[in-house]
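The structure appears below as structure tokens.
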Amino acid sequence: MVFMDKVIKILLFEDNIGDADLIEDMINEFSDFSYEILIVETLEDGLDLLKKQAFDVILLDLGLPDSDGIDTFLDVQEERPEIPIIILTGLNHGKIGINAVKKGAQDYLIKGQVSTEILKRSIRYSIERKKSAEKIKRFTDTLEEQVKQRTEELSIANELLQKEVGEHERTEEKLKSIVEELRRSNRELEQFAYVASHDLQEPLRMVSSFTQLLGRRYKGKLDDDADEFINFAVDGAQRMQQLITDLLAYSRVTSQGKDFEPVKMEDVLEESLLNLKLSILENEVDITHDPLPEVVADPSQIGQIFQNLIGNAIKFRSEKTPEIHISVEEKDNQWLFQVDDNGIGIDPVHSERIFLVFQRLHERGVYPGTGIGLSICQKIVERHGGDIWVDSQLGKGSTFCFTISKRI
Ligand code: ADP
């Protein structure tokens, strides 16, 4: 409480000596706390004093020699807005009192009707009310300041966010156009590979047949060198023919793929084994398999995967009798197939390279082939929303795994 430990300083504006004495007397009668009262007769004197001293409350008669009415109040309030003001009015000026209260005075008292008790209570409440009002104002000001600050922070954050969103959108746009560009260039490349390998076949066939003819007609009729050169040319032309045929098959995976339909993998495997029958018999291969599911796939392509993988498992056999097992596992959205063999195996450093076009790990003379088989498998698997990889160790057999999406 304000009243406890200090003297309450009161400034009284009153030019009527009788009224001033009366108020002073009443105040002197207050016994609860110590009061100190200063009296001024004019507005000017009062404002002067207010400039120099602090007061706890102002008692203000609006009718002074140098000022009258509500303006008196407004001038005093402007000088010290933080000090509570109690208006003293004559009996007929109650309205002005109310008006002053509306404009910020704490209370108004009608002269002649003021008792010691009323005056005391009015002073106490005015000081308390003003204090609370000041507190609330300070609180509101701080709050407003905080809201302003927060709003500014938010608007900065918002701007940053907008910028980021913009950048994100731009990156996405860029990415889209890069993907589109990539697709286009892939299509062009595939088209090129197809056209090139297709159109090269004819002139190459001529080179091949005429070098063969040359060999047949002139073998032994020229010198030894010529015979050897002709052999080289025949061999080279044949190899080139094989490479071009393989390249054509590779480019056909995407350019001439068929629609997808339900395919029984048991049937597919059976057909692949039939195509490999001769080499299976020759090598006395032991082939086993899990029960295989029905998948949605291009029927003409899916069999090529089994054929290439099983063909390789036989071709790259070890000394042991070839044992091949085909298993399958159902994953969330995919089928995972595995082809296990007990062949020569692959050094893991090569496990990615072997899927590239024409990449082989052995000399041509040791194992036949051009190195296109696994690239074709990879392309087919990718067309079926899957992936292909190998787990292998040199000398310990290989496991080729591939997946096929169930949702194509
Ligand atoms: P190709 O069989 O015509 O050489 P592939 O693309 O089918 O071509 O295979 C690439 C290479 O991967 C082969 O040359 C061989 O070195 C290796 N490879 C493939 N399958 C096996 C396997 N089952 N065991 C060992 N090596 C293999």
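Laboratory data are not the source of any read-out in this text; all were calculated from the coordinates shown. If you're wondering where the values come from, they're calculated on a predicted model, not measured in any experiment. We place every Cβ from the backbone using ideal geometry, glycine too, and count neighbours over all the protein chains shown.
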Quiz item: Taking the stated definitions as given, is residue 281 surrounded by 16 or more Cβ atoms within 10 Å (Cβ to Cβ) and among the hydrophobic types (A, V, I, L, M, F, W, C)?
Solution: no
Exercise. Say whether the condition of being touching a residue at least 60 places away in the same chain (Cβ under 8 Å), within 29 Å of residue 385 (Cα to Cα) and of a type outside the set (Val, Ile, Thr) is met by at least one residue in region 268-282.
Key: no
Quiz item: Restricting attention to region 181-203, does a residue exist that is more than 30 Å from residue 240 (Cα to Cα), surrounded by 10 or more Cβ atoms within 10 Å (Cβ to Cβ) and not polar (S, T, N, Q)?
Solution: yes
Quiz item: Of the residues in region 92-138, how many are closer than 17 Å to residue 76 by Cβ, in a loop (DSSP other than H, G, I, E, B) and of a type in the set (D, E, K, R)?
Solution: 1
Quiz item: Taking the condition small (Gly, Ala, Ser) and away from the ligand (no atom under 14 Å from the Cβ), does residue 375 pass?
Solution: no
Quiz item: Which condition number in (1) surrounded by fewer than 17 Cβ atoms within 10 Å (Cβ to Cβ); (2) in a helix (DSSP H, G or I); (3) among the basic types (Lys, Arg) is the one that residue 221 fails?
Solution: (2)
Quiz item: What tally of residues in region 341-363 results from selecting those that are surrounded by 15 or more Cβ atoms within 10 Å (Cβ to Cβ), farther than 20 Å from residue 382 by Cβ and more than 8 Å from the ligand (Cβ to nearest atom)?
Solution: 1
Practice problem: Out of the residues in region 390-408 that are touching a helix residue (DSSP H, G or I) at 6+ places or on another chain (Cβ under 8 Å) and closer than 12 Å to residue 309 by Cβ, state the one that is nearest to the ligand (Cβ to nearest atom). | Solution: 398
Quiz item: For region 97-110, does any single residue satisfy the condition of being in contact with a His (Cβ under 9 Å, 6 or more places away or on another chain), of a type outside the set (Phe, Trp, Tyr), under 17 Å from residue 26 (Cα atoms) and surrounded by 12 or more Cβ atoms within 10 Å (Cβ to Cβ)?
Solution: yes
Self-check item: Residue check, residue 389 outside any loop (DSSP other than H, G, I, E, B), under 23 Å from residue 290 (Cβ atoms) and in contact with a Lys or Arg (Cβ under 7 Å, 6 or more places away or on another chain)
Solution: no
Exercise. For residue 385, indicate whether it is more than 8 Å from the ligand (Cβ to nearest atom) and under 28 Å from residue 190 (Cα atoms).
Key: yes
Quiz item: Does any residue in region 309-328 that is more than 19 Å from residue 265 (Cα to Cα) come within less than 7 Å, Cβ to Cβ, of a residue that is part of a loop (DSSP other than H, G, I, E, B) and of a type in the set (Phe, Trp, Tyr) six or more places away or on a different chain, and which pairs are these?
Solution: 315/367; 316/367
Quiz prompt | Matching residues in region 268-314 - criterion: being over 20 Å from residue 368 (Cα atoms), touching a strand residue (DSSP E or B) at 6+ places or on another chain (Cβ under 8 Å) and among the β-branched types (Val, Ile, Thr) | solution = 287, 288, 295, 296, 302
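Which one of 135, 103, 130 is more than 20 Å from residue 20 (Cβ to Cβ) and without any contact (Cβ under 8 Å) to a residue 12 or more places away in the chain?
None of the other options fit; the residue is 135.
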Exercise. Out of 286, 332, 290, report the one residue that is within 22 Å of residue 395 (Cβ to Cβ), exposed (fewer than 15 other Cβ atoms within 10 Å of the Cβ) and either within 45 Å of the chain's Cα centre (by Cα) or in contact (Cβ under 8 Å) with a residue 24 or more places away in the chain (or both).
Key: 286
Exercise. Using the structure shown, decide if residue 59 is closer than 17 Å to residue 122 by Cβ and touching a Gly at 6+ places or on another chain (Cβ under 9 Å).
Key: no
Quiz item: Can you find even one residue in region 176-192 that is touching a helix residue (DSSP H, G or I) at 6+ places or on another chain (Cβ under 8 Å) and over 30 Å from residue 84 (Cα atoms)?
Solution: yes
Practice problem: Return yes when residue 381 is outside any strand (DSSP E or B) and out of contact with any strand residue (DSSP E or B) (no Cβ under 6 Å at 6 or more places or on another chain) and no when it is not. | Solution: no
